[in-house]
Amino acid sequence: MLWFRDPFPLLLSNNEVDFQIACDRYNGIPSDLNNSPNAGFTYVKANKRTIDFYKYWYAERKRDDKMADQEVLNAIKFEDKFKSIGLTVRFLDTQFFGGFCAFKTTDMNKVMTMHANCCKGLEAKLKDLHMILDDWKKWKQEEKKTQIGQTSFFPRVEKCK
């Protein structure tokens, strides 16, 4: 995971939320369970609901040992047990909290973090993260030169090849 900016001002702006998580696919509605979470970035308030949720989530990982954490979360988020915990969830907008699974982060003025969780293998993760970091450094140099704060797209991302 790369952190380009301090994400906490966006996270802390909503104190009514127990669990905030990055997405692979974000539909524009932060509370909609139909968003597809990516466990590459989470922000969690410590309380009874989150403790109960993590115990439940951890126990449910035994459903299928081939399922990743976020796949288990996708499977349980509509279940009655999940609902009974009363956890408030906020899905994070991919333009601020990006990842390679559904690459939506294109504006360098907005991007806070970038994760490579869906990339298979450490080599693939590091390759794309290094490319993004190189693009970030180039953008920062250009920004200093122009003082305009232009946006930049990430044309070299190979989506974890």
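The values are calculated or read from the model by the stated rules, or taken from the named source; none is laboratory data. The structure displayed is predicted, hence computed values, not measured ones. Every residue, glycine as well, gets a Cβ built from its backbone with ideal geometry; the counts of neighbours run over all protein chains shown. The protein model used for the area step is the full one, side chains on, heavy atoms only, and it has no ligands, DNA or RNA in it. Shrake-Rupley method; radii C 1.70, N 1.55, O 1.52, S 1.80 Å.
A few points about this structure:
- Residue list for segment 25-44, filter: under 13 Å from Asp69 (Cβ atoms) and touching a Pro at 6+ places or on another chain (Cβ under 9 Å): Phe41
- Any chance Tyr26 is over 21 Å from Gly86 (Cα atoms) and of a type in the set (Phe, Trp, Tyr): yes
- Residue check for Lys62: basic (Lys, Arg) and either in contact (Cβ under 8 Å) with a residue 60 or more places away in the chain or open to solvent by 20 Å² or more (accessible area, probe 1.4 Å) (or both): yes
- Scan of segment 65-97 for residues that are open to solvent by less than 50 Å² (accessible area, probe 1.4 Å) and without any contact (Cβ under 8 Å) to a residue 24 or more places away in the chain, ordered by number: Val72, Ala75, Ile76
- Considering residues of segment 128-146 that are surrounded by fewer than 17 Cβ atoms within 10 Å (Cβ to Cβ) and charged (D, E, K, R) only, the residue farthest from Gly99 (Cα to Cα): Lys145
- Test for Pro37: is it closer than 30 Å to Trp136 by Cβ, open to solvent by less than 20 Å² (accessible area, probe 1.4 Å) and touching a residue at least 24 places away in the same chain (Cβ under 8 Å): yes
- Wholly within segment 1-109, strands (runs of 3 or more DSSP E) carrying at least 2 residues that are of a type outside the set (A, V, I, L, M, F, W, C): 19-25, 36-44, 97-99
- The residue list Lys127, Lys138, Lys161, Lys145 contains one member that is on the phi < 0 side of the Ramachandran plot, at pLDDT below 80 and in a helix (DSSP H, G or I), which is Lys145.
- When the criteria are applied in full, Glu79 fails the requirement of being closer than 19 Å to Cys23 by Cα and of a type in the set (Asp, Glu).
- Condition check for Tyr43 on (1) within 24 Å of Met112 (Cα to Cα); (2) modelled with pLDDT under 90; (3) not hydrophobic (A, V, I, L, M, F, W, C): one failure, at (2).
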